[in-house]
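Have a look at the structure below before the remarks.
The values are calculated or read from the model by the stated rules, or taken from the named source; none is laboratory data. Every value quoted in this text rests on a predicted model; they were computed, and no experiment measured them. Note that we place each Cβ from the backbone using ideal geometry, even for glycine, and neighbour counts take in every protein chain shown.
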Amino acid sequence: MSRINTLLFTLIAAFSLSAAAHHGWSEYDGSKELRLTGTIAESGYEHPHGHIKLVTPGKTWVAVLAPPSRMTSRGLPPADLKLGSTVTVVGYANRSKPEEMRAERIIVGAKTVELR
């Protein structure tokens, strides 16, 4: 194998491993869907995934959202994640981080946005 082919193979393998590690959705319990309504206390619209801190009765959650490009293309601009807004998030709890969930969809006002 030429040095260029070896380098390309190494880069592709490294990228594949990092992508697989990044999307470790198995750390979320897909057998128990959560539906949480609360107030946004913090929001982030950045890569690799946006997030909100959702204050619900009795607990504050960090909801991992979709990448910004997907949220924008599906109709969820940053302005919809205003601090103090009431939203409903549907998703799955993290198995090892009891305050974190992966959001599958978010309901803002009368609009439901599918994130996955």
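General remarks:
- Filtered residues of region 60-99 (kept if loosely packed, with under 13 Cβ neighbours inside 10 Å, closer than 16 Å to HIS49 by Cα and of a type in the set (Ser, Thr, Tyr)): SER69, SER73
- Close pairs (9 angstrom Cβ cut-off, 6 or more residues apart or separate chains): among the polar types (S, T, N, Q) in region 46-66, surrounded by 15 or more Cβ atoms within 10 Å (Cβ to Cβ) anywhere: THR56/LEU36; THR56/GLY38; THR56/THR39; THR60/GLY38; THR60/LYS53; THR60/LEU54
- Out of THR39, THR6, one residue alone is surrounded by 10 or more Cβ atoms within 10 Å (Cβ to Cβ) and modelled with pLDDT of 95 or more. It is THR39.
- The lone exception for PRO48 - which of (1) loosely packed, with under 11 Cβ neighbours inside 10 Å; (2) out of contact with any His (no Cβ under 7 Å at 6 or more places or on another chain) it fails: (2)
- Test: residue in region 83-103 that is among the charged types (D, E, K, R) and in contact with a Leu (Cβ under 7 Å, 6 or more places away or on another chain): no
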